[in-house]
Amino acid sequence: METPERKNVRISDFDYAAANYYFVTLCADKRRNIFSTVRRDVILSALGRMADDTFSELEQKFDVKVDRRTIMPDHIHFILIVPAQRATARGAPTLGRMIGAYKSVVAKKWRDYCRESGTAHFPIWQRNYYEHVIRNDRDLYETRQYIENNPLKLLQSSEK
């Protein structure tokens with residue numbers, strides 16, 4: 001059985017190592033609810049805490065900043081800021097390389113946790129990720145609002 005060809009959603013001829021604000025969404029494998037639960041607030045699972053803690057490692061390793069983030073039950077949204085001085089460095093990593101490193105570190109922490117605790121290990125990440133290059137202040141404002149309000153939308157839909 002042939003697998004369908006994946007559509008490339010990246011902007012052609014765009015430098016993904018360039019200084020910019022990037023909105024990123026990472027989804028759980030099979031969209032399982034493994035990162036958190038949303039009640040009155042977002043309550044992180046052990047895996048969700050690992051994913052959240054790993055953002056500081058991403059910032060340190062690549063000299064970037066995570067502006068806003070939310071960890072939903074089956075996906076994670078965040079804005080990654082790549083500053084100009086980092087982006088102009090020779091051989092600066094691309095967005096894809098940074099996301100790959102982040103996902104790999106979280107997966108390794110999860111494997112180690114499962115071994116130590118006797119918890120059943122399962123794949124964490126859906127293949128690839130969604131990204132949107134934030135183009136202006138309005139786009140940044142709307143993206144921040146979307147991230148901050150995402151848990152509220154889930155609460156509202158569960159109350160119906």
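The values are calculated or read from the model by the stated rules, or taken from the named source; none is laboratory data. What you see is a predicted model; the values in this text were computed from it and never measured. Here the Cβ is made from the backbone with ideal geometry for all residues, glycine too, and neighbour counts use every protein chain on show. In case anyone asks, the SASA skips ligands and DNA or RNA and just uses the protein heavy atoms, side chains included. Shrake-Rupley method; radii C 1.70, N 1.55, O 1.52, S 1.80 Å.
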So T119, is it polar (S, T, N, Q) and buried (at least 16 other Cβ atoms within 10 Å of the Cβ): no
Of all residues making up segment 35-51, the number that are surrounded by fewer than 19 Cβ atoms within 10 Å (Cβ to Cβ) and either outside any strand (DSSP E or B) or free of Cβ contacts under 8 Å to residues at least 24 places away in the same chain (or both): 7
Residues of segment 122-145 that turn out to be open to solvent by 70 Å² or more (accessible area, probe 1.4 Å) and part of a helix (DSSP H, G or I), as a count: 4
Single condition V82 does not satisfy, out of (1) β-branched (V, I, T); (2) closer than 15 Å to A19 by Cβ; (3) touching a Lys or Arg at 6+ places or on another chain (Cβ under 8 Å): (3)
Residue match in segment 96-108 (condition: modelled with pLDDT of 95 or more, among the polar types (S, T, N, Q), surrounded by fewer than 13 Cβ atoms within 10 Å (Cβ to Cβ) and not in a loop (DSSP other than H, G, I, E, B)): yes
